[in-house]
Amino acid sequence: MSRDTRPIGLFDSGLGGLTVVRALLDLVPGERIIYFGDTGRFPYGPKPADELLKYSTEIADVLIARGVKMIVIACNSASAAALDHLRGYVTVPVTGVIEPGVRAARRATRSGRIGVIGTVGTIASGAYQGAAAAIDDSLELTCAACPGFVEFVEAGDVESDQVHVLAERLLAPIKAADVDTLVLGCTHYPLLARTIADVMGPEVVLVSSAEETAFEVLELVAGGGGSAPEDRVQFVTSGDVETFRYLGARFCGPEVEIVEAWSWS
């Protein structure tokens, strides 16, 4: 792909995947990006895997129709449900956010005790446990679902007292396991990093699967893209355009200006 100027396609259930977009904008300034936020069908976490597989396939069709050269599933729940399927379904490379996060945690941990937090669907899928076993079976994972985190982020509330109280309750089993590294196993969670770090304490390293995924994409497209135009990133949402634009600009930056509405019909 060293001379391939087609865009990189990314998708998520809503705003969380913008953390991957932000990292890519900084890491690969010569690349064009198309981001699809499926906010009209948010949230993904509680939904069954077969439903997420259907959604992921439909969005992949949209991105392929727009000529992307690779697809990034910027969503842990969708990665767990659809990564293997999409790799056989489309002819372009597909990467998710789970394996990059585990690899980064393995590099960061000193004790081998790693915490993972994610949506109910991601944790229940066993995807992180499977990835850790394949990468290094000596790693000790403690996983916890954090229902409510994503909803707070999508509402634009990332530092309130209510979020802090919820974090203290949900992170209690992770703290009890005496981990030294915590994987933020949902692309929404880096937006809560300040609160999570405050609860976990300074001795625990937080690993963003979003940032690690961006580094993996960088390796895949190294040397490609050339000089991208000013409108290098396109945003598409199946939900409310104004809400996406407002919160997207807050979480990703001024690039979130023009947002295209998409309707599933």
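Points to keep in mind about this one:
- Selected residue [of a type outside the set (A, V, I, L, M, F, W, C), in contact with a Cys (Cβ under 8 Å, 6 or more places away or on another chain) and part of a helix (DSSP H, G or I)] from Thr122, Thr187, Thr195: Thr122
- Single match in Val153, Val116 (criterion: surrounded by 15 or more Cβ atoms within 10 Å (Cβ to Cβ) and touching a Cys at 6+ places or on another chain (Cβ under 6 Å)): Val116
- For region 24-35, the set of residues classified as in contact with a strand residue (DSSP E or B) (Cβ under 8 Å, 6 or more places away or on another chain) and in a helix (DSSP H, G or I) consists of Leu24, Leu25, listed by residue number.
- Thr95 vs. criteria over 25 Å from Glu140 (Cβ atoms) and surrounded by 15 or more Cβ atoms within 10 Å (Cβ to Cβ): yes
- Residue in region 198-213 that is farthest from the chain's Cα centre (by Cα), counting only those that are outside any helix (DSSP H, G or I) and touching a residue at least 40 places away in the same chain (Cβ under 8 Å): Val204
- For region 36-58, the count of residues that are modelled with pLDDT under 95, among the small types (Gly, Ala, Ser), closer than 21 Å to Phe149 by Cβ and outside any helix (DSSP H, G or I) is nonzero.
- Pairs are defined by a Cβ separation below 7 Å, a sequence spacing of at least 6 or placement on different chains, a first member in region 149-167 that is without any contact (Cβ under 8 Å) to a residue 24 or more places away in the chain, and a second member that is aliphatic (A, V, I, L, M) and part of a helix (DSSP H, G or I); the pairs so defined are Asp157/Val163.
- Only residues that are out of contact with any Asp or Glu (no Cβ under 7 Å at 6 or more places or on another chain) and either closer than 15 Å to Ile8 by Cβ or assigned to a loop (DSSP other than H, G, I, E, B) (or both) were counted in region 90-116, giving 7.
The values are calculated or read from the model by the stated rules, or taken from the named source; none is laboratory data. Worth saying up front: this structure is predicted, and the values here are computed from it rather than measured. Glycine also receives a Cβ, built like all others from the backbone with ideal geometry; neighbour counts cover every protein chain displayed.
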